[in-house]
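Since the structure comes first, as structure tokens, the remarks are kept for the end.
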Amino acid sequence: MNNDPVARRARMPPRNDTTAPKWDESRPRELPQYFKELEYLFADCGIADDTQKKEYASRYVSYDTAETWLGLPEFGNNIIIGNDAPRPYTYQEWKAA
């Protein structure tokens, strides 16, 4: 029996799987619920890396929506320049954009 907690972690579902998170772009008010479902899956799957979170968030939406999100400066590894040291945008900052 494998007692390794990492080995027992859930995996993110494939894009069109019945358990994959879904967002109907014609219902924009439901976008926060989509992100809540993703957060639950991220925690369950042990995903903490912002880049991975952004990739998964764009995986489950339509191609057009994913293309739009990819065009946001906050989506990429763009740098914030301000009072703090330069750093990539976080998943939370991208999600808020």
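The values are calculated or read from the model by the stated rules, or taken from the named source; none is laboratory data. Computed from a predicted structure; not experimentally measured. So basically every Cβ, Gly included, is an ideal-geometry build from the backbone, and we count neighbours across all protein chains shown. For the accessible areas, the whole protein counts, side chains as well, though only heavy atoms, and no ligand, DNA or RNA atoms are used. Shrake-Rupley method; radii C 1.70, N 1.55, O 1.52, S 1.80 Å.
Observations, loosely collected:
- A crude spin-label estimate for the pair LEU31 and ALA96, with each label 7 Å from Cα along the Cβ direction, gives 1.5 nm.
- Amide N proximity, the range 14-49 versus LEU72 label position 7 Å along Cα-to-Cβ, cut-off under 19 Å: 21-43, 48-49
- Accessible surface of the range 15-55, 1.4 Å probe: 48 percent of it comes from carbon and sulfur atoms.
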